[in-house]
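Single-structure report; data block below.
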Amino acid sequence: AAGGGWRCGRGADGAALRWCITGALCASFLGLGMSIAVLGPTFPNLATNVRKNVSDIYYIFVGRSLGYLGGSVLGGVLFDCMNASLLLALSMLATTAGLYGIPWCKESLLLTILMSVIGGSMGILDTGGNVLALNTWGSEAGPHLQALHFSFAAGAFLAPILAKMALRGSESEELAGAEKTNRSVLKSVPTASPASTTPAPKDHHNEEFLWSYIIIGTYIFFISVFFFVLYSKGRSARDKSNTSVQKGTLAKYHWPLVGLLFIFFLFYVGAEVTYGSYVFTYAVVFAEMTESEAAALNSVFWGAFAACRGVAIFGAAFLSPGTMILMSLLSSAASSSALAFFAHYRASLWVGTAVYGASMATIFPSGISWIEQYTVIEGKSASLFVVGAALGEMCIPAVVGYLQGRFHHIPVVMYTAFATSVMTVLLFPVMYKLANAPQENDLKEVSDSETRKALLSNSRFTEDEEDEEDVREWNDADFEVIEMNDKLKNSLTDTSCRTPEDSPAEVSLQPRLDDVLGDSSVVAGGSPGRQNGNVDWEKSE
């Protein structure tokens, strides 16, 4: 990888730089959310721009989704061998170019190509942004990942508002222009038909409405400039954290764990997008709500989703990722059960929708933070997570739409929410078991430590036995000396009885006897008594 190799976590400058990187990533994810969400409210205008009906350009969604998948995979590969700041800057620059070209695109094929380019660059940004946050903050990345995905939700919330603002401005100008045109036409050509006056204002209205793409593109362009500045200084957080990442070890079941999380995100994101897309239709058809009430119910879901992501930024500082996932899964299971079996009650429908939206908010960022605690997450692994999420977003809503068309009397969307919740609840304990499986090195260390303990205990036992044998040998030797001293004393007594008069032998033996008897007190202490006794006995002979 290119760039410098210093660690951003050292000193005040390093801490400030890490916060700058987090701010830039949050700003880029805000633009990512706006880029994705702006397509919905501007879709009819895009169809008008390329002179097609709305039903005839559905393939631009397919093109963007395929580009998103390809960009996620490509970003995972490039992120492991390329400077992170440069890669993110180039991807956002490509997004800017695509957004700038859309308002003047008059061909459906060119529009599809631009959408694919935008999707690919957004896939690179989504993959690289998550990995860059992990590499920058390490074990402290939880709140920052929550902030990234909250920024995405905020961008998706702001895009329709921005489009409506452009629509209102164009409508006011259109009404004023139409009024002036009608007056001039009526004065000059009294027999003019109304149809002859409409095309120009309509095209003007369409162009004004598409200015929202220019605004979003300009915003993303400034963020890309900031990442280019980071690259010019050689201060890529990917390179800074390279050493710490390389020191990490892969989990014993790394790829099975990544594969299960891929499936986990597929069901989770698919359920999230499916419910958000079909709850309006369910409210109108099955709950018999008015369109305004159904729209309010839809807003409750996305509002609770965005609000809970904002709260999770602070909650992640106190709760572990595993705890947050467990709380979300339990809330999701409870709320989806209420929606699947008790949605005919209005209160259950409203409360269940709010709780379900809130429970879905933190799962994706918490899942990435959770798996990072057990194994190394690089570009390829993160790309699989994003691809799983994108496949869920593509496939599950399509399947639900097909089934709902076949079975009109069954609320497929509610049963889908319940089924996906059950799947995620079952998958997480399996992933937790695999993540906590002991490594072979850990097992070897445990066996080595047990072997060392056994050897130590055996050596202590052997030493105790040797000490006891030494004590017994010394005690036996002491008793032998005492017996020799008694024999010596008795022999001297007999000698004194035999010689009535003092002789030189008696005089010479008496002091030695006193010495021997005096040394008997030392005999009880060990070898000196035994050695002295033997020496004196040899001299007396």
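The values are calculated or read from the model by the stated rules, or taken from the named source; none is laboratory data. Bear in mind the structure is a predicted one, so any value in this text is a computation, not a measurement. Note that we place each Cβ from the backbone using ideal geometry, even for glycine, and neighbour counts take in every protein chain shown. Heads up: the accessible areas ignore ligands, DNA and RNA and are worked out on the full protein's heavy atoms, side chains in. Shrake-Rupley method; radii C 1.70, N 1.55, O 1.52, S 1.80 Å.
In this structure, does Y68 turn out to be within 19 Å of S224 (Cβ to Cβ) and surrounded by fewer than 20 Cβ atoms within 10 Å (Cβ to Cβ)?
So Y68 does not fit the description; no.
Out of the helices (runs of 4 or more DSSP H) lying entirely within the range 321-394, which hold 2 or more residues that are more than 20 Å from F150 (Cβ to Cβ)?
The qualifying helices (runs of 4 or more DSSP H) are 321-342, 346-359.
For the range 344-373, which positions are among the small types (G, A, S) and farther than 16 Å from W302 by Cβ?
A347, S348, S366, G367, S369
Residue-wise test of (1) buried (at least 22 other Cβ atoms within 10 Å of the Cβ); (2) part of a helix (DSSP H, G or I); (3) at pLDDT 90 or above.
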{"site": "N206", "(1), (2), (3)": "no, yes, no"}
{"site": "Y213", "(1), (2), (3)": "yes, yes, no"}
{"site": "I220", "(1), (2), (3)": "yes, yes, yes"}
{"site": "I223", "(1), (2), (3)": "yes, yes, yes"}
{"site": "G259", "(1), (2), (3)": "no, yes, yes"}
{"site": "F265", "(1), (2), (3)": "yes, yes, yes"}
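When you look at A312, is it over 28 Å from the mean Cα position of the chain (by Cα) and among the small types (G, A, S), yes or no?
Considered against the rule, which asks whether it is over 28 Å from the mean Cα position of the chain (by Cα) and among the small types (G, A, S), A312 comes out as no.
Looking at I363 and the list (1) touching a Leu at 6+ places or on another chain (Cβ under 8 Å); (2) more than 25 Å from A154 (Cα to Cα); (3) in contact (Cβ under 8 Å) with a residue 24 or more places away in the chain, which single condition is not satisfied?
Condition not satisfied by I363: (2).
May I ask you to list the residues in the range 58-74 that are closer than 13 Å to T127 by Cα and either among the hydrophobic types (A, V, I, L, M, F, W, C) or modelled with pLDDT under 85 (or both)?
L69, V73, L74
Between residues in the range 292-311 that are aromatic (F, W, Y) and residues that are in a helix (DSSP H, G or I) and open to solvent by 20 Å² or more (accessible area, probe 1.4 Å), which pairs lie under 9 Å by C-beta distance while being six or more apart or on different chains?
Sorted first by the residue in the range 292-311, then by its partner, the pairs are F301/A354; W302/A156; W302/F157; F305/E272; F305/A358.
Can you tell me how many residues in the range 32-64 are closer than 17 Å to G98 by Cβ and either in contact with a Ser or Thr (Cβ under 9 Å, 6 or more places away or on another chain) or open to solvent by less than 30 Å² (accessible area, probe 1.4 Å) (or both)?
Number satisfying all stated conditions: 19.
Restrict the check to the range 271-291 and report whether at least one residue is buried (at least 20 other Cβ atoms within 10 Å of the Cβ), within 22 Å of M431 (Cα to Cα) and out of contact with any His (no Cβ under 9 Å at 6 or more places or on another chain).
Yes, there is a match, as at least one residue in the range 271-291 is buried (at least 20 other Cβ atoms within 10 Å of the Cβ), within 22 Å of M431 (Cα to Cα) and out of contact with any His (no Cβ under 9 Å at 6 or more places or on another chain).
Of the residues that make up the range 4-12, is at least one assigned to a helix (DSSP H, G or I) and at pLDDT below 80?
Yes: one or more hits.
Could you pull out the residue among I363, I371 that is crowded, with 18+ Cβ neighbours inside 10 Å and in contact with an Asp or Glu (Cβ under 9 Å, 6 or more places away or on another chain)?
That would be I363, the only listed residue that is crowded, with 18+ Cβ neighbours inside 10 Å and in contact with an Asp or Glu (Cβ under 9 Å, 6 or more places away or on another chain).
For M115, which of the numbered conditions (1) part of a helix (DSSP H, G or I); (2) open to solvent by 10 Å² or more (accessible area, probe 1.4 Å); (3) more than 19 Å from G379 (Cβ to Cβ) fails to hold?
Against the list (1) part of a helix (DSSP H, G or I); (2) open to solvent by 10 Å² or more (accessible area, probe 1.4 Å); (3) more than 19 Å from G379 (Cβ to Cβ), M115 comes up short only on (2).
Going by the structure shown, is K453 among the basic types (K, R) and at pLDDT 90 or above?
No, not satisfied.
Out of the range 248-257, which residues are open to solvent by 50 Å² or more (accessible area, probe 1.4 Å) and not in a loop (DSSP other than H, G, I, E, B)?
The answer is W255, P256.
Which pairs have Cβ atoms under 6 Å, sit 6 or more apart or on different chains, and link a residue in the range 400-414 that is part of a loop (DSSP other than H, G, I, E, B) to one that is surrounded by fewer than 18 Cβ atoms within 10 Å (Cβ to Cβ) and not acidic (D, E)?
Close Cβ pairs satisfying both conditions: P411/F286.
Taking the range 345-360 as the search range and keeping residues that are open to solvent by 10 Å² or more (accessible area, probe 1.4 Å) and in contact (Cβ under 8 Å) with a residue 12 or more places away in the chain, which one is farthest from T420 (Cα to Cα)?
Looking at residues that are open to solvent by 10 Å² or more (accessible area, probe 1.4 Å) and in contact (Cβ under 8 Å) with a residue 12 or more places away in the chain, I get R346.
Might you check whether a residue that is over 24 Å from W211 (Cβ atoms), among the basic types (K, R) and at pLDDT below 85 occurs anywhere in the range 49-57?
Among the residues of the range 49-57, not one is over 24 Å from W211 (Cβ atoms), among the basic types (K, R) and at pLDDT below 85, which makes the answer no.
Tell me, please, whether a residue that is within 23 Å of I396 (Cα to Cα), aliphatic (A, V, I, L, M) and within 30 Å of the chain's Cα centre (by Cα) can be found in the range 85-97.
Scanning the range 85-97, I find no residue that is within 23 Å of I396 (Cα to Cα), aliphatic (A, V, I, L, M) and within 30 Å of the chain's Cα centre (by Cα), so the answer is no.
If I ask for residues that are at pLDDT 80 or above, open to solvent by less than 10 Å² (accessible area, probe 1.4 Å) and either touching a Phe, Trp or Tyr at 6+ places or on another chain (Cβ under 9 Å) or not in a helix (DSSP H, G or I) (or both), which ones from the range 128-148 would you list?
G128, G129, N130, V131, L132, L145, Q146, L148, listed by residue number.
Is the range 300-311 home to any residue that is under 21 Å from L132 (Cα atoms), touching a helix residue (DSSP H, G or I) at 6+ places or on another chain (Cβ under 6 Å) and open to solvent by less than 70 Å² (accessible area, probe 1.4 Å)?
Yes, the range 300-311 contains at least one residue that is under 21 Å from L132 (Cα atoms), touching a helix residue (DSSP H, G or I) at 6+ places or on another chain (Cβ under 6 Å) and open to solvent by less than 70 Å² (accessible area, probe 1.4 Å).
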